[in-house]
1. For Val192, all conditions in the list (1) modelled with pLDDT of 95 or more; (2) part of a loop (DSSP other than H, G, I, E, B); (3) more than 18 Å from the chain's Cα centre (by Cα) hold save one; what is the number of the exception?
2. Could you list, in sequence order, the residues of segment 155-198 that are in contact with a Leu (Cβ under 8 Å, 6 or more places away or on another chain), of a type in the set (S, T, N, Q) and within 15 Å of Ala65 (Cα to Cα)?
3. Any residue that is among the acidic types (Asp, Glu) and closer than 19 Å to Val130 by Cα - is there at least one of those in segment 174-181?
4. How many residues, within segment 38-95, are among the aromatic types (Phe, Trp, Tyr), within 24 Å of Val124 (Cα to Cα) and assigned to a strand (DSSP E or B)?
5. For segment 130-171: of the residues being of a type in the set (Ser, Thr, Tyr) and modelled with pLDDT of 95 or more, which is surrounded by the fewest Cβ atoms within 10 Å (Cβ to Cβ)?
6. Could you say which residue among Asp150, Asp178 is under 30 Å from Val40 (Cα atoms) and of a type in the set (Asp, Glu)?
7. Note down all Cβ pairs under 8 Å where the first residue falls in segment 48-59 and is without any contact (Cβ under 8 Å) to a residue 40 or more places away in the chain, the second is in a loop (DSSP other than H, G, I, E, B) and of a type in the set (Gly, Ala, Ser), and they're at least six residues apart or on different chains.
Amino acid sequence: MPMRSIHHRLFVAALVALAVTALPSCGGGSDSSGGGSSTVATFTPDTPTPPAASIVMLAGSSSGAAVNVRIAVTGVDDFLGAAFRVNYDANALFFNAMDDSGSLLRQGGVGNNNLFFEANQSSVVGQVIVTATRLDPTTAPGVDVGATADLVVLNFSARRAIAGGDAGGLLAFDASRDVQVCATPLTCASAVLTWSGGAVTAH
């Protein structure tokens, strides 16, 4: 088997290994209602000004009980992809969907055949597993990310009122996570980054 093909398979396996317990469902449960039509949700990041070498959650747009949470990367050279889990309180929040249309991985016109995006509900209630990566660094190498750029955007809805300081609104990255950087196609490695979440409030 050619070296390129072997490397490709090993790289993809390393990132998607975090998703082995994923279920086919893409939502956070069977019912996204509960916030009510008059509910207004907002997201407040723990780190609104991200430092270099970080992946953080930032506020995106919101509409009623639904709020977009940007998964943003800052100051990472040769960024090829990431796999991570986001923990939340399923009694207070519902995971709706992921949007990858504005992903930094699409820079340079990389086609869908060399990209992999997936967000699935974990077997753990209140946990979503996200994978976002370029598939073959020999044809689409890592991206030099300077200024803060979105990797993906996650959409959640509030099921109930969530006051400031209510633990039900917390969104946090699980310790099970990985980022791959590739200086050259055959020198990919895991990157040590700072990770930071935030909290949803709903009134």
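1. (3)
2. Result: Ser157, single match.
3. Looking only at segment 174-181, we keep the residues that are among the acidic types (Asp, Glu), and these are 174, 178.
Now narrow it down to the ones that are closer than 19 Å to Val130 by Cα: 174, 178.
Taking every residue of segment 174-181 in turn, at least one turns out to be among the acidic types (Asp, Glu) and closer than 19 Å to Val130 by Cα.
4. In the first step, residues of segment 38-95 are kept if they are among the aromatic types (Phe, Trp, Tyr); the result is 43, 79, 84, 88, 94-95.
From the residues that got through so far, the ones that are within 24 Å of Val124 (Cα to Cα) too are 43, 84, 88, 94-95.
Filter once more, keeping what is assigned to a strand (DSSP E or B): 43, 84, 94-95.
Of the residues in segment 38-95, 4 are among the aromatic types (Phe, Trp, Tyr), within 24 Å of Val124 (Cα to Cα) and assigned to a strand (DSSP E or B).
5. Step one: list which residues in segment 130-171 are of a type in the set (Ser, Thr, Tyr), which gives 131, 133, 138-139, 148, 157.
Applying the additional criterion that residues be modelled with pLDDT of 95 or more yields 131, 133, 148, 157.
On the way: Thr131: 23, Thr133: 27, Thr148: 17, Ser157: 23.
Per the stated criteria, the residue is Thr148.
6. Values: Asp178 fails: under 30 Å from Val40 (Cα atoms).
Only one candidate passes the filter, namely Asp150.
7. Ala52/Gly75
The values are calculated or read from the model by the stated rules, or taken from the named source; none is laboratory data. Computed from a predicted structure; not experimentally measured. Virtual Cβ from ideal backbone geometry, glycine too; neighbours counted across all protein chains shown.
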